[in-house]
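K.L.:
Submitted below is the structure of interest, expressed as C-alpha coordinates.
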Amino acid sequence: MPTNANPVIAAFPGGGWQAVYKDDNGFEYYTPVVGWLVQADGNCRPFTFDQHGDQADPTTLTNFVRLQEPRR
(Lines give C-alpha, C1' and ligand atoms only; values in the text may rest on other atoms or scores of the structure.)
Protein backbone atom coordinates (compact mmCIF):
# COMPACT_ATOMS: atom_id res chain seq x y z
CA MET A 1 0.00 0.00 0.00
CA PRO A 2 1.51 3.39 -0.97
CA THR A 3 2.05 5.93 1.76
CA ASN A 4 1.15 9.59 1.51
CA ALA A 5 4.44 11.49 1.67
CA ASN A 6 2.61 14.70 2.59
CA PRO A 7 -0.36 13.79 4.81
CA VAL A 8 -2.86 16.23 6.32
CA ILE A 9 -1.91 16.75 9.95
CA ALA A 10 -4.43 19.41 11.02
CA ALA A 11 -7.60 21.17 9.92
CA PHE A 12 -8.97 24.59 10.80
CA PRO A 13 -12.34 26.27 10.12
CA GLY A 14 -12.71 28.50 7.08
CA GLY A 15 -12.92 31.69 9.13
CA GLY A 16 -15.15 33.57 6.70
CA TRP A 17 -12.90 33.17 3.64
CA GLN A 18 -14.55 32.62 0.27
CA ALA A 19 -13.48 31.06 -3.01
CA VAL A 20 -14.30 33.17 -6.05
CA TYR A 21 -15.13 31.54 -9.39
CA LYS A 22 -16.28 32.72 -12.83
CA ASP A 23 -19.23 31.11 -14.55
CA ASP A 24 -19.53 30.54 -18.30
CA ASN A 25 -20.88 34.09 -18.77
CA GLY A 26 -17.94 35.69 -16.98
CA PHE A 27 -19.85 36.50 -13.80
CA GLU A 28 -18.14 35.93 -10.47
CA TYR A 29 -19.74 33.86 -7.76
CA TYR A 30 -18.60 32.98 -4.25
CA THR A 31 -18.48 29.77 -2.24
CA PRO A 32 -17.53 29.66 1.45
CA VAL A 33 -14.22 28.07 2.34
CA VAL A 34 -15.30 25.39 4.80
CA GLY A 35 -11.84 24.89 6.21
CA TRP A 36 -8.08 24.76 5.76
CA LEU A 37 -6.05 21.57 5.62
CA VAL A 38 -2.49 21.74 6.95
CA GLN A 39 -0.09 19.24 5.41
CA ALA A 40 3.04 17.76 6.99
CA ASP A 41 5.29 19.99 4.85
CA GLY A 42 3.57 23.13 6.24
CA ASN A 43 1.43 23.91 3.20
CA CYS A 44 -2.13 24.96 3.90
CA ARG A 45 -4.92 24.24 1.40
CA PRO A 46 -8.49 25.57 1.44
CA PHE A 47 -11.40 23.23 0.89
CA THR A 48 -15.00 23.77 -0.15
CA PHE A 49 -18.06 21.61 -0.82
CA ASP A 50 -20.15 21.86 -3.97
CA GLN A 51 -23.92 21.44 -4.29
CA HIS A 52 -23.45 17.66 -4.58
CA GLY A 53 -21.48 17.43 -1.34
CA ASP A 54 -18.16 16.82 -3.09
CA GLN A 55 -15.09 18.27 -1.36
CA ALA A 56 -12.46 20.09 -3.43
CA ASP A 57 -9.45 22.37 -3.22
CA PRO A 58 -10.87 25.39 -5.09
CA THR A 59 -7.42 26.51 -6.27
CA THR A 60 -7.22 23.41 -8.49
CA LEU A 61 -10.46 24.10 -10.41
CA THR A 62 -10.30 25.67 -13.88
CA ASN A 63 -12.80 28.45 -13.15
CA PHE A 64 -11.14 29.50 -9.86
CA VAL A 65 -10.29 33.24 -9.70
CA ARG A 66 -9.04 33.99 -6.17
CA LEU A 67 -9.54 33.57 -2.44
CA GLN A 68 -11.41 36.46 -0.83
CA GLU A 69 -10.54 37.30 2.75
CA PRO A 70 -13.31 38.08 5.23
CA ARG A 71 -14.59 41.64 5.34
CA ARG A 72 -13.88 43.48 8.54
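The values are calculated or read from the model by the stated rules, or taken from the named source; none is laboratory data. Since the model is a prediction, treat every value here as computed from it, not as a measurement. Here the Cβ is made from the backbone with ideal geometry for all residues, glycine too, and neighbour counts use every protein chain on show. All accessible areas refer to the heavy atoms of the entire protein, side chains included, with ligands and DNA or RNA removed. Shrake-Rupley method; radii C 1.70, N 1.55, O 1.52, S 1.80 Å.
K.L.:
Can you give the accessible area per residue of the chain, in Å², using a 1.4 Å probe? Could the numbers behind the result be given before it?
P.N.:
Details: 5290 Å² over 72 residues.
Computed with neighbouring chains in place, this is 74 Å² per residue.
K.L.:
Leaving out ligands, DNA and RNA but keeping every protein chain, what accessible area does residue 29 have, in Å² rounded to the nearest 10, with a 1.4 Å probe?
P.N.:
My reading of the accessible area for residue 29 is about 90 Å².
K.L.:
I need the shape label for the chain. Rule: rounded when a/c is under 1.5, else prolate if a/b > b/c, else oblate, with a, b, c from the alpha carbon gyration tensor.
P.N.:
Values: a/c = 2.30, a/b = 1.60, b/c = 1.44.
It is prolate, given that a/c is not under 1.5 and a/b is the larger ratio.
K.L.:
How much accessible area does residue 60 have with a 1.4 Å probe, in Å² rounded to the nearest 10?
P.N.:
The accessible area comes out at roughly 100 Å².
K.L.:
Determine the dipole magnitude for the chain: charges of +1 sit on the beta-carbon of Lys and Arg, -1 on that of Asp and Glu, nothing else is charged, the reference point is the Cα centre, and the result goes in debye to the nearest 20. Each step should come with its number before you reach the end.
P.N.:
On the way: 5 positive and 8 negative charges, 59 e Å.
Approximately 280 debye in magnitude.
K.L.:
So how far apart, in nm, are the two label points at residue 68 and residue 45 if each is 7 Å from Cα heading toward Cβ?
P.N.:
So the two model labels end up 2.4 nm from each other.
K.L.:
Computing the accessible area with a 1.4 Å probe over protein heavy atoms, can you report the carbon and sulfur percentage for the chain?
P.N.:
Numbers: 2810 of 5290 Å².
In the chain, the share of accessible area belonging to carbon and sulfur is 53 percent.
K.L.:
Heavy atoms only, 1.4 Å probe, whole protein assembly: order 27, 47 by accessible area, highest first.
P.N.:
From most exposed to least exposed: 27, 47.
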